[in-house]
Amino acid sequence: MKLESARLGLERPETVRLEPAHVERSRSNPARPESTHPKPLFVTKRQLEELVSQYSTPFHLYDEAGIRRTAEDLLAAFSWNEGFREYFAVKANPNPAIMQVLAEYGCGFDCATRPELMLAEAVGAQGHDIMFSSNDTPAADFRHAARLEALVNFDALDMVDFYERSVGRLPEVVCLRVNPGGDFEGTNGIFDTPETSKFGMTPTQLTEACRALVARGVRAIGLHALLASNTHGNGYYPALAHLLFTEAVRLHRETGVHVAFVNLSGGVGIPYAPDDEPCDIRAIGEAVRKAFENVLVPAGMGGVALFTELGRFMTGPHGCIVTRALHLKRTYHDYVGVDACAADLMRPAMYDAYHHVTVVGHPGGADKTLEPPTHVYDVVGGLCENNDRFANARALPEVEAGDLLVIHDTGAHGRSMGYNYNGRLRSAEVLLHPDGSSDLIRRAETAADYFATLDASPFGERLERIALEQAVVGGEP
């Protein structure tokens, strides 16, 4: 990773390499590596058999115990900072049952839209429990954030004036999102350089915003940046912290603004493939502490609070899709067609992202979770798109129709990125509690849900009747 720190007037921190996220072999790049190692499940075959007897496949399954462990680890890693707070990125998993679990650990919520603000409000969040980090923001969204007295993270210089016009006043404390430009090298295909990202304001604009805010009576600011996504290794947060801490000192000295907090946002990755090394959040927290003590403390700014906006790291490894093999097809490739599809998990189609697949076996049959791979399959869904795939050329145990399969690490950006192409209906969400019991925390969509917004047309009533008849005759969905 190279940080173009000269544009911020900073010393260049030690160079840190962002390890690439695991990517799988594909037809466009057949040389890509593929892991055949098993990946542990958070649920046993017997538990899965009980779950599929209660909930129709496919469904999203979340591990409450794992989410709680991760929250505890994060809090321990940053316990040295008295003001530390995690603002869970609601976009990663916008289910209030998951949000409520995290709220028990003092987590706030990072929201970007009015519906996300409403979700936070529903679980009791208000005021500075909410960080409103939006971009290209409508006036109605700012007004809703103001009603909740949320912390507002301004993405652009003109948004400051726009907020004031929309709401009638500026908050006493605001956050500013900076984009340093230059190079920030990662190979996960989501960010290349900050200059190509639509997010944040330039350092010059940042300084201008600080001066304007101080002149208008704003008493404190926070600094925020997100310069990479799903980083591997432990170097991203410490390097970003060094950059933002140094910038906080510069802004305080040049403008007199009081910097109350630094928001490291998200970006810490998870091990999607069995061979990926997980990020060590405690080592990351310790490295950020050293940067804090080297930069902020000597400047007399040791009271600055630290915030994070982790989403993927908090819930990603603690979710999976439980699906069932419907059909086997052999042409130029061997295909396993499952009842889940890209409408349930868009990441492989959108990013060519790797998600591990475990063959569990038929309910009541042999446990295939530890069987060696003997076949090579493309695991696909039923959309009329060739990129509707969960795996390409994946080495797996032999799959039979009716076998249960688990698609790993879908606890973030899984159901939340779902869509209804081809009239596919989004699947249910189930929360597995630490005692082994489970709850349905979002039902599967029905055809009536899909047609609901057509009530504005003459066909709405007819479709509602057809959907109801099919639910009675053929079951849902």
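Where the only charges are on Cβ atoms (+1 Lys, Arg; -1 Asp, Glu), what is the dipole of the range 344-460 about its Cα centre, to the nearest 20 debye?
Working: 9 positive and 17 negative charges, 49 e Å.
So the dipole magnitude of the range 344-460 works out to roughly 240 debye.
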Q. With every protein chain in place, what's the accessible area of S56 (1.4 Å probe, Å², nearest 10)?
A. 90 Å²
Q: With only alpha-carbon atoms counted, please give the Rg and Dmax of the range 317-471, in Å.
A: 17.2, 56
Q. If you add up the charges near Y163, with Lys and Arg at +1 and Asp and Glu at -1, over every other residue whose beta carbon is less than 12 angstrom from its beta carbon, what do you get?
A. -1
Q) Label points 7 Å out from Cα along the Cβ direction at R253 and E293: separation in nm? A) 2.2 nm
Q: Report the calculated FRET efficiency for Q470 and C384 (r = Cβ-Cβ distance, R0 = 30 Å), to the nearest 0.05.
A: 0.90
**Q.** With every protein chain in place, the chain: carbon and sulfur % of accessible area (1.4 Å)
**A.** 50 percent
Q | the range 45-60 versus the range 326-356: alpha-carbon centroid distance in Å | A | 20 Å
Q) For R289, R330, what's the largest-to-smallest order of accessible area, 1.4 Å probe? A) R330, R289
Q. What are the ³J(HN,Hα) values, in whole Hz, obtained from phi via the Karplus relation 6.51 cos²θ - 1.76 cosθ + 1.60 with θ = phi - 60°, for each residue of the range 219-229 in sequence order, with x given for Gly and Pro?
A. 9, 7, 10, x, 10, 9, 7, 10, 10, 7, 10
Q: Pop the C-beta distance of R211 and A122 into the FRET formula with R0 = 35 Å and round what comes out to the nearest 0.05.
A: 0.40
Q. For the chain, what relative contact order do you get, as a whole percent, if you take Cα pairs closer than 8 Å and at least 6 residues apart?
A. 19 percent
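Fully extended, how many nm does the chain gain between E400 and D280 (0.36 nm per residue separation, minus their Cα-Cα distance)?
Additional length available on full extension: 39.4 nm.
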Q: Past 32 Å, Cα to Cα, is the threshold; run K39/K290; K39/K198; K45/K91; K39/K91 against it and keep the listed order.
A: K39/K290; K39/K198
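With an 8 Å cut-off on Cα pairs and a minimum separation of 6 or more residues, tell me the relative contact order of the range 317-471 in percent.
Relative CO of the range 317-471 lands at 25 percent.
Using the Cβ atoms and a cut-off under 10 Å, what net charge is assigned to the surroundings of T308, where Lys and Arg are +1 and Asp and Glu are -1?
For residues surrounding T308, the net value is -2.
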Q: Provide the per-residue ³J(HN,Hα) series for the range 236-253, in order, calculated from phi with Karplus coefficients 6.51, -1.76, 1.60 and θ = phi - 60°, each as a whole number of Hz, with x at glycine and proline positions.
A: 5, 4, x, 5, 5, 4, 4, 4, 6, 5, 5, 5, 4, 5, 4, 5, 4, 5
Q: Hey, can you grab everything whose amide H is under 5 Å from the amide H of I130? Only 5+ residues off in sequence or another chain; H modelled, so Pro and N-termini drop out.
A: F109, L151
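The values are calculated or read from the model by the stated rules, or taken from the named source; none is laboratory data. Please read all numbers here as calculations on a predicted model, not as lab measurements. Quick reminder, even Gly has a Cβ in these numbers, built from the backbone with ideal geometry, and neighbours come from all protein chains shown. In case anyone asks, the SASA skips ligands and DNA or RNA and just uses the protein heavy atoms, side chains included. Shrake-Rupley method; radii C 1.70, N 1.55, O 1.52, S 1.80 Å.
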